[in-house]
1. When only residues in segment 535-551 that are of a type in the set (D, E, K, R) and at pLDDT below 95 count, which is surrounded by the most Cβ atoms within 10 Å (Cβ to Cβ)?
2. How many residues does segment 510-534 contain that are in contact (Cβ under 8 Å) with a residue 12 or more places away in the chain, surrounded by fewer than 17 Cβ atoms within 10 Å (Cβ to Cβ) and not charged (D, E, K, R)?
3. Whether any residue in segment 602-624 is of a type in the set (S, T, N, Q), within 25 Å of residue 711 (Cβ to Cβ) and modelled with pLDDT of 85 or more is what I want to check.
4. Restricting attention to segment 126-142, which residues are in contact with a strand residue (DSSP E or B) (Cβ under 8 Å, 6 or more places away or on another chain) and touching a residue at least 60 places away in the same chain (Cβ under 8 Å)?
5. Got at least one residue in segment 264-276 being over 12 Å from the mean Cα position of the chain (by Cα), closer than 23 Å to residue 65 by Cα, among the small types (Gly, Ala, Ser) and at pLDDT 95 or above?
6. How do the pairs read when you match residues in segment 238-254 that are at positive phi with residues anywhere that are part of a helix (DSSP H, G or I) and at pLDDT 95 or above, using Cβ under 6 Å and keeping only pairs 6 or more apart or on different chains?
7. How many of the residues in segment 397-425 are touching a helix residue (DSSP H, G or I) at 6+ places or on another chain (Cβ under 6 Å) and within 15 Å of residue 443 (Cβ to Cβ)?
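The values are calculated or read from the model by the stated rules, or taken from the named source; none is laboratory data. Just so it is clear, the model here is predicted, and its values are computed rather than measured. Cβ sites come from the backbone with ideal geometry, for glycine too, and all protein chains shown count toward neighbours. Please note that ligands, DNA and RNA were not included when accessible areas were found on the heavy atoms of the full protein model with its side chains. Shrake-Rupley method; radii C 1.70, N 1.55, O 1.52, S 1.80 Å.
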Amino acid sequence: MAIGLTEEHEALAESVRGFAERNIPATAVRAVLDADEEARPGFWPALAEQGLLGLHLAEEHGGQGYGLLELSVVLEELGRAAAPGPFLPTVLASALIDASSNAKLRAELLPALADGSKTAAVALDGALTGRRDGDALLVSGTSGTVLGAALADVIVLPVAAEDGEQWVAVDAADLTVTPVASLDRVRRVAAVEASEVAVAADRVADGLTTGRVRDLAAALFGAEAAGLAGWLVDTAAEYAKVREQFGRPIGQFQGVKHKAARALIALEQARAAAWDASRALDEGAGDAGFAAAVSAVIAVDAGVQTARDAIQILGGIGFTWEHDAHVYLRRALTLRSLLGPSKDWAAEVARLALGGGRREVVLELDEDAQPLRERIRAEIAELAAIEDKDALNARMGDEGWSVPHFPKPWGREAGPVEQILIQQELKAAKVKAPNLGIGAWLVPSLVRYASQEQKERFLRPTLRGQIVWCQLFSEPGAGSDLASLSMKAERVEGGWKLTGQKIWTSLAQHAQWGFCIARTDPDAAKHDGITYFLVDMKAEGVDVRPLRELTGEALFNEVFLDGVFVPDDQVVGEVNRGWQVARNTLSNERVSLSTGGGLGMGVPELLRFFENRQPDTVAAAEVGKLVAQGQSIDLLGLRTTLKQLNGVEPGAEASVRKLLGVQFNQDVADYCWAAQGTAAATEVVMAESGIVARAMLFSRAMTIYGGTTEVQLNIIGERILGLPRDPEPGK
């Protein structure tokens, strides 16, 4: 999945990728890498003819009238190609000039920057000062290292003037520009010096602030970093598929597979963060600074991380000058250094979030949905008027509000847009749907595989919230590898007798019914010979033994079934075909159409923890990094939902978000616990430290239940990156 989500963005990305393949082959990048001096690339006129330099500018200035999001789509693709030349510094400069209130400055420079006749650069820091001389500003001093300055016709500079900081656009010919040895040899940097340079009033970018400059740079740098990361992840994965060691592809080794999977995770986070930063800036949102800071932390760091990981996977070949991996590493490191330390940006994320400036991750629908919203709102108003909770639950279950996306009569046959509207309007009216609990995982399997009699007997009361269910899947010898289960089901008159043990069964001590898989044909292949049963938890032979966990509580249980009779009318689906039903249940446990968080401590809890605490410099960076992580996870959920709304199956985001979410809950709980200092050694009931201690201890389960982290990494590596599957035992 790329930064852009719409068909238009996908078409734009495909067009730019085709342009890069034709005009920026690897040989062209290598030629610039080995050149003594940097020069404007030969493809520059063609790039301008494509309209890409002015994509984000108004038509009156020679642009295409789009926005920063479209520009980010282009930057991602050019980043993937490690394109030489001043595209990034030029479009950053034009975006800054466009943000100025100086109409003369925009009219003079933007058309030339859009048609490629002029190039530009931006000094993100420096020690330039200015003094007034009539209407002019006399500028002297040196800037920091400036990307693309040696090729620039115009350089945008920060100046500390008598009346405050000013941003000015100065002709490069009036400055002393000195190329310096550059870490990125494909797109180089230079030093810039001014000596009493007179800057006229029409060259001052009135209204442009340092904050705006930094935000725009963070968004655009993040987009290019996502492109770098995309190439690096693909290159490393393709190499891991074919490079053999010890008689098998290195991608089959879990250490390599997991490193590649984590690189993909970082890539998806980068795309989400850069996407949201560009959106926020396009919208002119008041929280755009927060989104930009998240991009600076997540997306730009991802470029560096994936480059280092790719070189590790590539091994010796990745360390050679001949391989292009170092080109991408150098560029990613250059972006990181020019934008400023990650810890400083993370501290900015923390400052904004703790001050109430966190950007809310919400799904906004088009006005076309308003008539449907009004109809749903009116129906929900009728529900809100029902005071009796049992009556409300019964009506909501019977009318399909519990699972609106399912077919009637169990659901409302609601499409993705209607599902979102129902979620939003129920929340606004403070109407809670029946709590299905673990039964929510079972419902789709009953809808698809159950008989009509089973649906009436079990599905309807489940949708009303009248049945408490537990899941009898895991066994002591079959955790994530459920197909290795050993519970036996023997044929008897009128049904089956189940014998064996299940473990890690949540809420079994409270459940009325359990859905269970057992082996009905021991001679069948591993995934065959399994049948799906509905078990009465009060039946003779069911023994539930709570497992006291490391928290001291007992949420999980071990369940022993000793010849428990299950009649034929409680078999779901076909005998010996239960694995299909179980897979359906598992898929519904792990995927949902939502943008919300999960269990445990998340960003809201983290921010509440620091309500009465003032983090020091180090802590602020740590808190900000956590907040940025949480924000990127929510954005992955939002992007998944938007894909579904567009009729497209979600890609990597769903698996990535599931894995990231549970790890994030752990990280937040661990951090808050440790931040208490010596109070962390206590576990007083109802005391603040006790609550945090319990969350910290319980969080250890989060990367185990529902599929361990390691198994999830295998899934991402194999199903998304296409890496070789683990070898069968004994092979």
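1. Filtering segment 535-551 for residues that are of a type in the set (D, E, K, R) and at pLDDT below 95, the one surrounded by the most Cβ atoms within 10 Å (Cβ to Cβ) comes out as 549.
2. Residues flagged as in contact (Cβ under 8 Å) with a residue 12 or more places away in the chain, surrounded by fewer than 17 Cβ atoms within 10 Å (Cβ to Cβ) and not charged (D, E, K, R) within segment 510-534 amount to 5.
3. no
4. If the condition is that a residue be in contact with a strand residue (DSSP E or B) (Cβ under 8 Å, 6 or more places away or on another chain) and touching a residue at least 60 places away in the same chain (Cβ under 8 Å), then 126, 128, 130, 133, 136, 137, 138, 139 are the ones that fit.
5. No, every residue in segment 264-276 fails to be over 12 Å from the mean Cα position of the chain (by Cα), closer than 23 Å to residue 65 by Cα, among the small types (Gly, Ala, Ser) and at pLDDT 95 or above.
6. none
7. 7
Results for (1) among the basic types (Lys, Arg); (2) within 30 Å of residue 160 (Cα to Cα); (3) not assigned by the TED database to the domain that holds residue 150, shown as yes or no for each residue.
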{"site": "186", "(1), (2), (3)": "no, no, no"}
{"site": "261", "(1), (2), (3)": "no, no, yes"}
{"site": "268", "(1), (2), (3)": "no, no, yes"}
{"site": "275", "(1), (2), (3)": "no, no, yes"}
{"site": "281", "(1), (2), (3)": "no, yes, yes"}
